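Here the structure is laid out as structure tokens; the discussion comes afterwards.
The values are calculated or read from the model by the stated rules, or taken from the named source; none is laboratory data. Since this is a predicted model, take the numbers as computed values, not measurements. We place every Cβ from the backbone using ideal geometry, glycine too, and count neighbours over all the protein chains shown. When the accessible area is computed, the model is the full protein with side chains, heavy atoms only, and any ligands, DNA or RNA have been set aside. Shrake-Rupley method; radii C 1.70, N 1.55, O 1.52, S 1.80 Å.
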Amino acid sequence: MKIFCLIFLVGFLFGACEYNFIVPEEVPPIDNGGGNGEETVSFSTQVLPIFSANCASCHKTGSTKPDLTAANAYQSIYTSKYIDVSSPEQSKIYSFVKNGASTHKHKQYTAIEGQLMLTWITEGAKNN
Ligand code: HEC
């Protein structure tokens with residue numbers, strides 16, 4: 001009888017261990033969780049590609065400011081003129097480009113890009 005109890009116990013322990021190995025669900029990179037502090041938006045892998053794909057063609061070095069080329073984007077926008085970490089929505093790099101913001105025909109962020117920018121600024125606009 002004892003041996004059965006032991007087998008049962010061992011089986012139970014192994015069974016319990018299995019739960020420790022459940023891999024957390026992979027979070028898609030763009031889903032930043034709305035700034036809940038659990039994930040961090042990366043400037044280099046998430047913000048910069050938006051600039052490179054949509055902005056740097058006009059906002060290039062020596063042309064329209066801010067310079068949004070990969071080499072200079074962070075230095076160009078990390079000023080109080082473009083970023084306001086205390087009221088992220090006031091940041092010009094967000095407010096000027098967010099969907100529906102411009103009265104004239106200027107490029108706008110998609111909803112997802114806008115959310116990403118806002119989260120990045122909310123998290124302190126780090127050069128991460
Ligand atoms: C087709 C060219 C073009 C593209 C593409 C473009 N911009 Fe612009 N952007 C301009 C021009 C020209 C101005 C200045 C004139 C104006 O107010 O529209 C400007 C102004 C701005 C300003 C305000 C600058 C200031 O100092 O007040 C910001 C911020 C900005 N752009 C960000 C972006 C971002 C971010 C993107 C990419 C999502 C982008 N732009 C894409 C041409 C462009």
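Just wondering, is there one or more residues in segment 65-87 that are touching a Cys at 6+ places or on another chain (Cβ under 6 Å), within 12 Å of the ligand (Cβ to nearest atom) and of a type in the set (Ser, Thr, Tyr)?
no
For segment 32-54, name all the residues that are open to solvent by less than 80 Å² (accessible area, probe 1.4 Å) and at pLDDT below 95.
Asn32, Gly33, Gly34, Gly35, Gly37, Glu39
Inspect segment 90-102 for any residue being among the small types (Gly, Ala, Ser) and at pLDDT 95 or above and give the result as yes or no.
Taking every residue of segment 90-102 in turn, at least one turns out to be among the small types (Gly, Ala, Ser) and at pLDDT 95 or above.
Determine whether Ser57 is open to solvent by 80 Å² or more (accessible area, probe 1.4 Å), more than 16 Å from the chain's Cα centre (by Cα), within 12 Å of the ligand (Cβ to nearest atom) and not aliphatic (A, V, I, L, M).
In short, yes.
Could you go through segment 60-69 and let me know if any residue there is buried (at least 17 other Cβ atoms within 10 Å of the Cβ), at pLDDT 70 or above and assigned to a helix (DSSP H, G or I).
Within segment 60-69, none of the residues are buried (at least 17 other Cβ atoms within 10 Å of the Cβ), at pLDDT 70 or above and assigned to a helix (DSSP H, G or I).
For (1) over 12 Å from Val47 (Cβ atoms); (2) open to solvent by 30 Å² or more (accessible area, probe 1.4 Å); (3) not in a helix (DSSP H, G or I), each residue gets a yes or a no:
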{"position": "Lys81", "(1), (2), (3)": "yes, yes, yes"}
{"position": "Asp84", "(1), (2), (3)": "yes, yes, yes"}
{"position": "Ile93", "(1), (2), (3)": "no, no, no"}
{"position": "Lys98", "(1), (2), (3)": "yes, yes, yes"}
{"position": "Tyr109", "(1), (2), (3)": "no, no, yes"}
{"position": "Leu116", "(1), (2), (3)": "no, no, no"}
{"position": "Trp120", "(1), (2), (3)": "no, no, no"}
{"position": "Ala125", "(1), (2), (3)": "no, no, yes"}
{"position": "Asn128", "(1), (2), (3)": "no, yes, yes"}
